[in-house]
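See structure below.
The values are calculated or read from the model by the stated rules, or taken from the named source; none is laboratory data. Bear in mind the structure is a predicted one, so any value in this text is a computation, not a measurement. Please note: Cβ atoms are built from the backbone with ideal geometry, for glycine as well, and neighbour counts cover all protein chains shown.
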Amino acid sequence: MKEPHSIAIYPGSFDPPTYGHMNIVERSLKIFKKVIIAVATNPVKNNLLTPEERIIILKKIYRKNPNVEVDQFHGLLVNYAKKKKVKVILRGLRTVADYQYESQMAFSNKSLNPHLETLFMMTENRFSHISSTLIKEITHFGESAKDMIPPLVRKMIEKKIKLKKEE
Ligand code: ADP
């Protein structure tokens, strides 16, 4: 019999991907056979990296892991999940603020598709302070966020921020 929940979709902005995101993926692979990292491509004003750049980075990070698929989606997550025939959405939780936002999203996704389940994985303590927004801010002001992101991500965002400053 086919296992009902062998695949999960881990959706997000990943602008940029961080060690916090990577930790969620790594731990979720102990529960799911496959995780689809789905980069949201809906335009957001303050995104630093283009969806293509985020996808390139994630594909490089997971190039040796056949259990991780990197994909993108536009529009509503429920429609993407339906298209992929996946019934589990995976999200990470760090703080109470995350909980407020995440519960709102989970409730609305549930009302849009009652068959879709959202599962939350608690961050590990050592990653709880890591956020993509904070990393962009640290890098913007000339400090290195090297403890929060892999070297290829650091190189890419430093280059992008430099270009933005020159604009
Ligand atoms: P979004 O804009 O959809 O929130 P993010 O890329 O910011 O996208 O986050 C994607 C998911 O990863 C969210 O569920 C978020 O809570 C989770 N996440 C982000 N950073 C961490 C971290 N350091 N530890 C655990 N989960 C995290």
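This table checks each residue for (1) touching a Pro at 6+ places or on another chain (Cβ under 8 Å); (2) farther than 25 Å from K159 by Cβ; (3) at pLDDT below 95; (4) not in a strand (DSSP E or B).
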position: I36; (1), (2), (3), (4): no, yes, no, no
position: P43; (1), (2), (3), (4): no, no, yes, yes
position: N46; (1), (2), (3), (4): no, no, yes, yes
position: I56; (1), (2), (3), (4): no, no, no, yes
position: K60; (1), (2), (3), (4): no, no, no, yes
position: R63; (1), (2), (3), (4): no, no, no, yes
position: K82; (1), (2), (3), (4): no, yes, no, yes
position: A97; (1), (2), (3), (4): no, yes, yes, yes
position: Q104; (1), (2), (3), (4): no, yes, no, yes
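Is it the case that V70 is away from the ligand (no atom under 13 Å from the Cβ) and within 15 Å of G12 (Cβ to Cβ)? Talk me through it step by step, then tell me what you get.
Values: away from the ligand (no atom under 13 Å from the Cβ): yes; within 15 Å of G12 (Cβ to Cβ): yes.
It is true that V70 is away from the ligand (no atom under 13 Å from the Cβ) and within 15 Å of G12 (Cβ to Cβ).
For residues in region 129-161 being more than 24 Å from K59 (Cα to Cα) and surrounded by 11 or more Cβ atoms within 10 Å (Cβ to Cβ), which is farthest from the ligand (Cβ to nearest atom)?
Keep residues of region 129-161 that are more than 24 Å from K59 (Cα to Cα), which gives 129, 137-138, 140-143.
Filter once more, so that each one left must be surrounded by 11 or more Cβ atoms within 10 Å (Cβ to Cβ): 129, 137-138, 140.
Details: H129: 7, E137: 14, I138: 14, H140: 17 Å.
Taking the candidates together, the pick is H140.
Working only within region 37-58, note down all residues that are surrounded by fewer than 21 Cβ atoms within 10 Å (Cβ to Cβ), more than 9 Å from the ligand (Cβ to nearest atom) and hydrophobic (A, V, I, L, M, F, W, C). Let's see the steps before the verdict.
Residues of region 37-58 that are surrounded by fewer than 21 Cβ atoms within 10 Å (Cβ to Cβ), as a first pass: 40-48, 50-53, 55-56.
This time we only want the ones that are more than 9 Å from the ligand (Cβ to nearest atom), so: 41-43, 45-48, 50-53, 55-56.
Those that are surrounded by fewer than 21 Cβ atoms within 10 Å (Cβ to Cβ), more than 9 Å from the ligand (Cβ to nearest atom) and hydrophobic (A, V, I, L, M, F, W, C): L48, I55, I56.
Does region 17-29 hold any residues that are in a loop (DSSP other than H, G, I, E, B) and within 21 Å of K84 (Cα to Cα), and which are they?
Filtering region 17-29 for residues in a loop (DSSP other than H, G, I, E, B) gives 17-18, 29.
Matches in region 17-29: L29 only.
Would you please name the residue that is farthest from the ligand (Cβ to nearest atom), looking only at residues in region 84-95 that are of a type outside the set (A, V, I, L, M, F, W, C) and outside any loop (DSSP other than H, G, I, E, B)? Outline the logic, then answer.
We begin by selecting, within region 84-95, every residue of a type outside the set (A, V, I, L, M, F, W, C); these are 84-85, 87, 91-92, 94-95.
With outside any loop (DSSP other than H, G, I, E, B) added as a condition, the list becomes 84, 91-92.
On the way: K84: 17, R91: 3, G92: 2 Å.
Step by step, filter region 84-95, then rank; the result is K84.
Tally up the residues in region 74-106 that are closer than 16 Å to H21 by Cβ and among the β-branched types (V, I, T), please.
2
Exactly one of (1) more than 13 Å from the ligand (Cβ to nearest atom); (2) within 17 Å of F32 (Cβ to Cβ); (3) in contact (Cβ under 8 Å) with a residue 60 or more places away in the chain; (4) crowded, with 17+ Cβ neighbours inside 10 Å is unmet by I61. Its number?
Unmet for I61, out of (1) more than 13 Å from the ligand (Cβ to nearest atom); (2) within 17 Å of F32 (Cβ to Cβ); (3) in contact (Cβ under 8 Å) with a residue 60 or more places away in the chain; (4) crowded, with 17+ Cβ neighbours inside 10 Å: (2).
Of all residues being under 22 Å from I55 (Cβ atoms) and among the charged types (D, E, K, R) in region 112-167, which is modelled with the lowest pLDDT? Just the residue, please.
K164
Which one of L119, L112 is within 12 Å of the ligand (Cβ to nearest atom), under 30 Å from K83 (Cα atoms) and surrounded by 12 or more Cβ atoms within 10 Å (Cβ to Cβ)? Spell out how you get there, then give the answer.
Numbers: L112 fails: within 12 Å of the ligand (Cβ to nearest atom).
L119 is the lone residue from the list that is within 12 Å of the ligand (Cβ to nearest atom), under 30 Å from K83 (Cα atoms) and surrounded by 12 or more Cβ atoms within 10 Å (Cβ to Cβ).
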